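All remarks here apply to the structure that follows.
The values are calculated or read from the model by the stated rules, or taken from the named source; none is laboratory data. These numbers were taken from a predicted model, which means no experiment stands behind them. Glycine gets a Cβ as well: all are built from the backbone with ideal geometry, and neighbour counts include every protein chain shown. Surface areas here come from the heavy atoms of the whole protein model, side chains and all, with no ligands, DNA or RNA. Shrake-Rupley method; radii C 1.70, N 1.55, O 1.52, S 1.80 Å.
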Amino acid sequence: MQTYIDALPSGSYVAIAHFYDPEESGPSELPRKMEDRFVHSPMGSGRFRTRAEIQALFGGLEMVDPGLVLCDDWWPDGPRLTPLSDVRRCIVGRVGRKR
């Protein structure tokens, strides 16, 4: 990822949506099951990372609010009509800006 960031001019933005392992008490069961299904499907892969691993992908980029959050939380005032499913709690996003 750092190679791509290094190639960008100053002022560029990098956005990522990534499979997330919330690992509240160690690796989570749901992300492990989903990862296994991805590997054994036509998709062929799908890696779940921890918060620290995803943050590390951004190198020295300046974080854009609200930071690394569930993708559903990028619209905090939006119409959340139903509770989030466990699967939707396993996808996070973040935007960073290169200085």
For this session: Could you tell me whether any residue of region 33-44 is touching a residue at least 24 places away in the same chain (Cβ under 8 Å), more than 14 Å from the chain's Cα centre (by Cα), over 30 Å from R99 (Cβ atoms) and not in a loop (DSSP other than H, G, I, E, B)?
Result: yes
Exercise. Quick one: in region 72-99, which of the residues that are in a helix (DSSP H, G or I) and in contact (Cβ under 8 Å) with a residue 40 or more places away in the chain is least open to solvent (accessible area, probe 1.4 Å)?
Worked result: C90
Exercise. Which is at pLDDT 90 or above, open to solvent by 30 Å² or more (accessible area, probe 1.4 Å) and not β-branched (V, I, T), of S41, S25, S10?
Worked result: S10
Seminar exercise, completed: Going through region 2-30 in order, the residues found to be out of contact with any strand residue (DSSP E or B) (no Cβ under 7 Å at 6 or more places or on another chain) and under 18 Å from R88 (Cα atoms) are P22, E23, E24, P27, S28, E29, L30
For this session: Could you please let me know if D6 is in a helix (DSSP H, G or I), in contact (Cβ under 8 Å) with a residue 12 or more places away in the chain and out of contact with any Cys (no Cβ under 9 Å at 6 or more places or on another chain)?
Result: no
